[in-house]
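The values are calculated or read from the model by the stated rules, or taken from the named source; none is laboratory data. In this text the structure is predicted, and so the values were computed from the model without any measurement. Using ideal geometry, Cβ is built from the backbone for each residue, glycine included, and neighbour counts are taken over all protein chains shown. Side chains included, ligands, DNA and RNA excluded: accessible areas come from the protein's heavy atoms. Shrake-Rupley method; radii C 1.70, N 1.55, O 1.52, S 1.80 Å.
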Amino acid sequence: MNLDVFTLTGQKITSLIQGPREPGTYVVRWDGTDDAGETIGTGTYIYQLRTSGEAILTRKLLLVR
C-alpha cells in the first residue's frame, strides 16, 4: 500500500505510507512537509492511495495554514 501526495502538476511531494499493511482502519496525519522536511505552502494538492490489489484512489485535498 502506498499513500502519496502530489502537486496539481503531478510532482511528488511526499510518501505518507509505503509497504504492506494488515487489513483494518488507519489514521494518517500529514504535517504539510515534503520528503526533505521543508514546509510547503497553502494550496490544493492531490493524494493517491494504491493498494496491493491494484486499486487506486485519487482525491484532492486543501492544505490551509
Among (1) at pLDDT 95 or above; (2) open to solvent by 100 Å² or more (accessible area, probe 1.4 Å); (3) not hydroxyl-bearing (S, T, Y), where does G37 come up short? (2)
Residue in the stretch 8-27 that is more than 11 Å from the chain's Cα centre (by Cα), open to solvent by 40 Å² or more (accessible area, probe 1.4 Å) and basic (K, R) present: yes
Inter-residue pairs, beta-carbon under 6 Å, first among the aromatic types (F, W, Y) and in the stretch 8-33, second in a loop (DSSP other than H, G, I, E, B), 6+ apart: none
L61 vs. criteria farther than 14 Å from K12 by Cβ, assigned to a strand (DSSP E or B) and in contact (Cβ under 8 Å) with a residue 12 or more places away in the chain: yes
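Of everything in the stretch 27-46, what is among the polar types (S, T, N, Q) and not in a loop (DSSP other than H, G, I, E, B)? Give them in sequence order.
Those that are among the polar types (S, T, N, Q) and not in a loop (DSSP other than H, G, I, E, B): T33, T39, T44.
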Determine whether the stretch 47-55 contains at least one residue that is touching a residue at least 12 places away in the same chain (Cβ under 8 Å), assigned to a strand (DSSP E or B) and open to solvent by 100 Å² or more (accessible area, probe 1.4 Å). yes
Can you name the residue in the stretch 56-65 that is open to solvent by less than 70 Å² (accessible area, probe 1.4 Å) and under 10 Å from the mean Cα position of the chain (by Cα) and is also farthest from P23 (Cα to Cα) among such residues? L61
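Output the residues belonging to the stretch 38-52 that are under 25 Å from G19 (Cα atoms) and not polar (S, T, N, Q). Break it down into steps so the answer makes sense when it comes.
First, pick out the residues of the stretch 38-52 that are under 25 Å from G19 (Cα atoms): 38-40, 45-52.
If the condition is that a residue be under 25 Å from G19 (Cα atoms) and not polar (S, T, N, Q), then E38, I40, Y45, I46, Y47, L49, R50 are the ones that fit.
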Of all residues making up the stretch 1-26, the number that are at pLDDT 95 or above and part of a loop (DSSP other than H, G, I, E, B): 5
